[in-house]
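A.B. asks: Have a look at this one.
The values are calculated or read from the model by the stated rules, or taken from the named source; none is laboratory data. This is a predicted model, so every value here is computed, not measured. When we count neighbours, we look across all protein chains shown, and the Cβ atoms used for this are built from the backbone with ideal geometry, even at glycine. Please note that ligands, DNA and RNA were not included when accessible areas were found on the heavy atoms of the full protein model with its side chains. Shrake-Rupley method; radii C 1.70, N 1.55, O 1.52, S 1.80 Å.
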Amino acid sequence: MHILENYILLEVIVSVRQSLLAILDQGPCYGYQLKSEFDRRTGSTWPLNVGQVYNTLERLERDGFVERTDADADDQKNYRITAAGHAEVATWLGSPVVRTAAARDELAIKLAVAVTLPGVDIINVIQVQRGATLRSLQELTRTKNATDDPETAEQLSWLLVVDSLIFQAEAEVRWLDHSETRLARAAASGVASAVPLNYEVPKRGRPAGTTRVAQAR
Amino acid sequence: MSDVLLQLDGVSQQYGRGETAVTALSGVDLTVHVGELVAIMGASGSGKSTLLTIAGGLTSPTSGEVIVEGKWLSTMSAKDVAILRRRSLGFVFQDFNLIPALTAVENVALPLELDGWKHRRARSAAMDALGTVELTDRASHFPDDLSGGQQQRVAIARAVVGTRRIILADEPTGALDSTTGELVLRMLRRRVDAGAGGILVTHDARHAAWADRIVFLRDGRIVDESSSRGVEALLTSTVRE
């Protein structure tokens, strides 16, 4: 099993569509070829299946970013990028990836709910999580240590992915440390943490007086 | 021969007496084996640096034992502890602590010469140590002519020169940029894998991840979170009425 596969289970948002288009910008490809190109450029961290690739290609074709060329001798469907597609790639590379603040974060939801439940040892929830995250961090670091200096472009792009996962894990550990301190302070100042069920909340609709915050997708 | 390089057994450290006494460390047990790097994490003031100075024989604990390569420090004279420190232990600090008037190879050879080694033999061992951190070509440079990362690699070479096998590193990457820090940790890791052992004190999880084991200091106590209670234990304190 690939060492990074654990991370694929996390909510990973990858610009697959844009990446495939950017690869096609180098020259025409058929579906399986495109899948292999994407996989090797990302260290097979987010492996695609061919069906997903063809679905994406159909949508790109519908949007006018790619077009089909004549099938080759093996009857492979070949795709090439259009002028609009080329412009789309340039726009993608030139604009930042916006991480939506409201994107669901499993761990933040878990802690937010856990802290309101009576009898839950929230500090232990944090410690269990930190232990697991640190072990992942060690695993990723060992993986990185095994590749001393990247020798190929593929290794280099793979190391970029590993580094990104390492920095994300580090940020999570820092946030957990911070949460732990915050909870200790709250406990010391006697902030009641458990939130009992409120039977007066209307069963349907939004409670009066609340406003809609940015909705998680 | 045992593969234990360093052992702390019930180590406690208190400052002051009576009501104003401050407990810095409380019953700390810690073992470092050959080929093992142990990271110690913890907030400022959690006792990380105190623990390192005790492990290195620079401070005697209020109670408990420090055993370095099988030798009990509490049974030794101050002079013998100093000799043991020179022969067995090497410190790596955040600010490198190299002597500016000595070249890289002279800095590395210094603990050996203090220990009575002949100049030529000490220099040869120092060159070997510099080789392991890939700095042979900088041997005759003075610290001021070396980058921060190179100075820290010299400090690592000094920490493992001759018979020294125990590296005690206190935030060794604190003064370095992220890529250089990573290179220093890679070198540290390589030295440990080649038969040394050590403690890495850091507050940075990304650096601690280079270690085999990560333990936390909380209120002077060691908490090993890699053996944390499982999820099923989370609700044990719930009392259903």
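A.B. asks: Of the options B:Val201, B:Thr50, A:Thr45, report the single residue whose Cα projects farthest towards the positive end of the charge dipole of the protein assembly as shown (beta-carbon charges: Lys, Arg +1; Asp, Glu -1).
C.D. replies: Farthest along the dipole direction, towards plus: B:Thr50.
A.B. asks: At A:Tyr32 and A:Leu197, where each label point lies 7 Å from the Cα along Cα→Cβ, what is the point-to-point distance in nanometres?
C.D. replies: Result for the modelled spin labels: 5.6 nm.
A.B. asks: Round to the nearest 10 and give me the degree value, 0 to 90, for the angle of helix B:178-193's Cα axis relative to the longest principal axis of chain B.
C.D. replies: Taking the Cα atoms of chain B, the angle to B:178-193 is about 90 degrees.
A.B. asks: Specify whether the C-alpha gyration tensor of the protein assembly as shown places it in the rounded, prolate or oblate class, a ≥ b ≥ c being the square roots of the eigenvalues: rounded for a/c under 1.5, otherwise prolate if a/b is larger than b/c and oblate if not.
C.D. replies: Here the protein assembly as shown falls in the oblate category.
A.B. asks: Plugging the Kirkwood radius over Cα pairs into Stokes-Einstein for chain B, at a temperature of 25 °C and a viscosity of 0.890 mPa s, what D comes out in µm²/s?
C.D. replies: Result for D is 131 µm²/s.
A.B. asks: With +1 assigned to the C-beta of every Lys and Arg and -1 to the C-beta of every Asp and Glu, and no other charges, what is the dipole magnitude of the protein assembly as shown about the Cα centre in debye, to the nearest 20?
C.D. replies: That gives a dipole near 1000 debye.
A.B. asks: Count the lysine pairs in the protein assembly as shown that are 8 or more places apart or on different chains: how many have C-alpha atoms under 23 angstrom apart?
C.D. replies: Final tally of qualifying lysine pairs is 4.
A.B. asks: For an R0 of 60 angstrom, estimate the FRET efficiency from the Cβ-Cβ distance between B:Asp145 and B:Glu19 and round to the nearest 0.05. Display every interim value, and only then the final one.
C.D. replies: Values: r = 53 Å, r/R0 = 0.89.
It comes to 0.65.
A.B. asks: Same structure, new question: For helix B:148-159, what angle does its Cα long axis make with the longest principal axis of chain B, in degrees from 0 to 90 and rounded to 10?
C.D. replies: Computed tilt is about 90 degrees.
A.B. asks: Grab the DSSP H runs of the protein assembly as shown that are 4 residues or longer, score each as -39,500 (n - 2.57), total them, divide by all residues and round the 222 nm result to the nearest 500 deg cm²/dmol.
C.D. replies: Values: 15 runs with 195 residues, N = 458.
Per the formula, -13500 deg cm²/dmol.
A.B. asks: Chain pair B, A: how much accessible area is buried, both chains summed, with a 1.4 Å probe, in Å² to 100?
C.D. replies: Buried: approximately 2100 Å² between A and B.
A.B. asks: Rounded to whole Å and ordered largest first, report the semi-axes of the equivalent ellipsoid of the range B:89-196 derived from its Cα gyration tensor (root of 5λ).
C.D. replies: Working: eigenvalues 79, 47, 28 Å².
Output for the range B:89-196: semi-axes of 20, 15, 12 Å.
A.B. asks: Let me ask something additional. Give me the percent of DSSP beta bridges within the protein assembly as shown that run antiparallel, rounded to the nearest 5.
C.D. replies: Counting only bridges with both partners in the protein assembly as shown, antiparallel ones make up about 60 percent.
A.B. asks: The range A:105-127: which residues show an accessible-area loss of 20 Å² or more, assembly versus chain alone, 1.4 Å probe?
C.D. replies: For the range A:105-127, once contacts with the other chains are taken into account, A:Gly119, A:Val120, A:Asp121, A:Asn124, A:Val125, A:Gln127 lose 20 Å² or more.
A.B. asks: What does the charge dipole of the range A:106-188 about its Cα centre add up to, to the nearest 20 debye, if the Cβ of each Lys and Arg holds +1 and the Cβ of each Asp and Glu holds -1?
C.D. replies: 520
A.B. asks: Here is a further query. I'd like the distance separating the alpha-carbon centroids of the range A:136-199 and the range B:172-207, in whole Å.
C.D. replies: 19
A.B. asks: Still on this structure, please answer the following. Under unit Cβ charges (Lys, Arg +1; Asp, Glu -1), what dipole magnitude, rounded to 20 debye, does chain B have relative to its Cα centre?
C.D. replies: Dipole magnitude for chain B comes out near 640 debye.
A.B. asks: Still on this structure, please answer the following. Could you do me a favour and compute the accessible area per residue for chain B, 1.4 Å probe, result in Å²?
C.D. replies: It amounts to 46 Å² per residue over chain B.
A.B. asks: How much of the accessible area of the protein assembly as shown, probe 1.4 Å, is carbon plus sulfur, in whole percent?
C.D. replies: In the protein assembly as shown, the share of accessible area belonging to carbon and sulfur is 53 percent.
A.B. asks: Using the 2.2 N^0.38 Å rule of thumb for compact globular proteins, work out how the range A:106-188 stacks up: its C-alpha Rg over that value, please.
C.D. replies: So the range A:106-188 has a normalised radius of gyration of 1.41.
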